[in-house]
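This report concerns only the one structure given below.
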Amino acid sequence: MRGIHFSLDIQNPFHNMARVPQSKTYKSPYRVQVLDRALAALDVLAGRSTECSLVEICTTLKLHKSTAHRLMMVLEQHRLVDKNPDTGRYRLGLKLFEFGSKAIGAIDLRRQARPYLDRLQRELGETVFFCLLDDGQVLYLEKIESQQSVRTACDVGSRAPAYCTAVGKAMLAELTDTEVSEIVRRFGLKAFTANTITTGTALKTELRAVRARGYAIDNEEKEPGLRCVSAPVRNDSGKLLAALSVSGPAFRVTRERVPEIAKAVMQAAGELSHELGYRPTAMELVRGAVS
């Protein structure tokens with residue numbers, strides 16, 4: 001699966017969007033005027049230390065007052081801006097704080113995971129991934145590629161179905177049956193290969209097995225010839241946070257190697273979880289020792 005690379009400007013997520021009139025903004029073949037204007041309005045507010053009037057927004061963006069008013073009404077409805085009821089002036093809304101907090105949290109988590117990914121890649125020689133479950137899908141947040149010529153092709157920032165990937169199944173196994181059923185209802189269970197799980201009953205059986213052994217396997221379920229092993233990462237309260245995986249061609253990641261790889265992945269995921277404050281129960285420790 002091919003995806004896109006992404007970057008985040010933590011200092012100002014709206015940097016360079018529109019501090020100049022519309023005719024001089026960034027030129028792109030994909031333009032949506034109303035979206036350009038909305039981002040430009042947010043950038044205007046981000047650049048002010050005090051609240052901003054509608055007239056100031058109109059003047060800066062060279063918009064008619066009625067156009068700017070409709071724009072700010074929509075932004076206010078989505079909590080992207082707040083309007084002072086006493087003065088009628090605008091400021092950035094708390095929804096942006098929520099977005100920023102999640103983005104920064106993901107970046108910090110990525111940084112914490114990196115040493116464990118480095119170690120796994122050195123030990124096993126295959127491509128390693130660090131992923132989140134985002135809106136029912138796998139989001140690839142970080143990867144370290146194998147140095148071998150035949151390797152897994154999947155980009156940071158790309159997405160994949162959860163039910164047919166090892167990282168996805170490792171994370172789905174941490175959810176309730178109701179939550180899993182809702183994800184299946186939304187996205188379905190499309191067959192990608194002859195090994196893909198395509199029924200809800202089979203998926204729930206598979207997730208029970210994942211919970212029992214502590215790791216998940218993608219046995220050529222997403223792509224023919226590709227095998228992956230993954231384990232979940234938990235936060236201080238024991239809830240799902242992310243997943244680590246090792247992925248490679250089936251002729252190198254053989255069935256015989258799966259237990260060895262699983263042990264290394266579970267150890268790395270467990271150590272990262274411990275760093276994040278998670279303390280496993282006695283039963284989980286026994287299961288890990290048996291696995």
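The values are calculated or read from the model by the stated rules, or taken from the named source; none is laboratory data. The model shown is predicted, which means the values in this text are computed figures rather than measured ones. Quick reminder, even Gly has a Cβ in these numbers, built from the backbone with ideal geometry, and neighbours come from all protein chains shown.
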### Message
Just to be sure before I move on: is ILE217 among the hydrophobic types (A, V, I, L, M, F, W, C) and in contact with a Leu (Cβ under 6 Å, 6 or more places away or on another chain) in the structure I sent?
### Response
no
## Note on the structure
Note on the range 133-145: residues farther than 19 Å from VAL184 by Cβ and either part of a strand (DSSP E or B) or among the hydrophobic types (A, V, I, L, M, F, W, C) (or both) are TYR140, LEU141, GLU142, LYS143, ILE144
### Query
Which of the following residues is surrounded by 18 or more Cβ atoms within 10 Å (Cβ to Cβ), touching a helix residue (DSSP H, G or I) at 6+ places or on another chain (Cβ under 8 Å) and modelled with pLDDT under 95: VAL229, VAL253, VAL210?
VAL253
### Query
Consider ARG185 against the criteria (1) surrounded by fewer than 18 Cβ atoms within 10 Å (Cβ to Cβ); (2) at pLDDT 95 or above: it satisfies all of them except one. Which criterion is unmet?
(2)
### Summary
From the option list ARG70, ARG110, ARG122, single residue qualifying as within 28 Å of PHE187 (Cβ to Cβ) and assigned to a helix (DSSP H, G or I) is ARG110
#### Entry: Where a residue in the range 37-49 is assigned to a loop (DSSP other than H, G, I, E, B) and its partner, wherever it lies, is surrounded by 19 or more Cβ atoms within 10 Å (Cβ to Cβ) and not polar (S, T, N, Q), with Cβ under 9 Å and at least six apart
GLY47/PHE14
### Query
Out of (1) surrounded by 11 or more Cβ atoms within 10 Å (Cβ to Cβ); (2) at pLDDT below 90; (3) of a type in the set (Asp, Glu), the odd one out for GLU51 is which?
(2)
### Message
Checking the structure you have, find out if any residue of the range 122-133 is among the charged types (D, E, K, R), surrounded by fewer than 20 Cβ atoms within 10 Å (Cβ to Cβ), within 22 Å of the chain's Cα centre (by Cα) and within 25 Å of GLY157 (Cα to Cα).
### Response
no
#### Entry: Qualifying position, being in contact (Cβ under 8 Å) with a residue 12 or more places away in the chain and within 17 Å of GLU126 (Cα to Cα), among GLY214, GLY225
GLY225
### Message
Can you find a residue that is in contact with an Asp or Glu (Cβ under 8 Å, 6 or more places away or on another chain), under 16 Å from THR127 (Cβ atoms) and either in a strand (DSSP E or B) or polar (S, T, N, Q) (or both) anywhere in the range 151-172?
### Response
yes
### Message
Quick check on this structure: which one of ALA170, ALA153, ALA202 is of a type in the set (Gly, Ala, Ser), modelled with pLDDT of 95 or more and surrounded by fewer than 18 Cβ atoms within 10 Å (Cβ to Cβ)?
### Response
ALA202
